[in-house]
Each structure stands twice: as structure tokens, then as C-alpha cells.
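What follows is calculated from the coordinates using simple rules that are stated; it is not laboratory data. Since the structure is predicted, the reported quantities are computational estimates derived from the model, not experimental observations. As a convention, Cβ positions derive from the backbone with ideal geometry for all residues, glycine included, and neighbour counts pool all protein chains shown.
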Amino acid sequence: MAGGQALAEMLKVNKTLAALQLESNGIDVDGTIAIAEALKINNILTDLNLKENSLSDEGALALADALKENRALNCLGNLSPPSPPPPPPPPTPHHNQSHD
């Protein structure tokens, strides 16, 4: 069972955890959908941060659908996709000087 699915199973039975910071945890679309399904059941979690994970449009739609049923979640943290890698540095100019 992948991390997102395991967290989803925990959220289904959670009775105390109110905030969950999952930023940059490699949660993929399947994990996101599993978490969304768990949010339909969980009435304790009030703050969930999924920033910098690979949610995809499908995962975001699953979360939106879950929020129709979940009344406890007050803050669904930044759903931005993972940041792209930085651009490569510019090439270093080579000075080709001939010494005649």
C-alpha cells in the first residue's frame, strides 16, 4: 500500500488528528483520490496541506467532490503542482584567443 493510500486508511478512523502537513511527500493521483474518499468520512481533520504533490486534475476533482460532504475541513492547503526544476545555468562563454 502506497503512502497516500495508507494515510487515507488512517484518516478513516482518525479521532484526534486535526492538522496534517503533507507538503512534498510524493503523493500521487491514486493517493490523492484515496485521501479524498477518506475525507468524506473524516469529521475531525480541519487543516490539510497537500502542496508540492502530484495531485493531477483527477485528484483535485476528487478533493472538490469530497468537500461537498466534509464539513470539518477549514483549510485545504495550497494545491499547487510540484515546482519545476530550476533552469540550467547559462553556458560559460569560451574565449578563444590565438597567440600568434
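Of note:
- Within straight-line cross-link reach of LYS40, lysines at Cα separation under 16 Å, skipping those fewer than 8 residues along the same chain: LYS12, LYS15, LYS68
- The chain - percent relative contact order, Cα under 8 Å, separation 6 or more: 28 percent
- Only helical runs count toward this figure. For the chain, summing -39,500 (n - 2.57) over DSSP H runs of n ≥ 4 and dividing by all residues gives -10500 deg cm²/dmol at 222 nm.
- Among THR16, THR32, THR46, residue whose mean-square fluctuation peaks in a GNM of the chain (springs only between Cα atoms under 10 Å): THR16
- Electrostatic bookkeeping for ALA34 treats Lys and Arg as +1 and Asp and Glu as -1; over the other residues with beta carbon under 15 Å from its beta carbon, the sum is -4.
- GNM result for the chain, Cα springs below 10 Å: residue of ASP28, ASP47, ASP57 fluctuating most strongly: ASP57
- Sequence-distant residues sharing a close amide H with GLY77 (under 5 Å, placed H): LEU48, ASN49, LEU50
- For the chain, diffusion coefficient by Stokes-Einstein and Kirkwood Rh (Cα), 10 °C, 1.306 mPa s, µm²/s: 105 µm²/s
- Computed 3J(HN,Hα) for the range 39-44, one whole-Hz value per residue from the Karplus formula 6.51 cos²θ - 1.76 cosθ + 1.60 where θ = phi - 60°, is 5, 5, 9, 6, 10, 10, glycine and proline marked x.
- Counted residue by residue at 0.36 nm each, then reduced by the alpha carbon distance between them, the extension gain from ASN25 to ASP57 reaches 9.7 nm.
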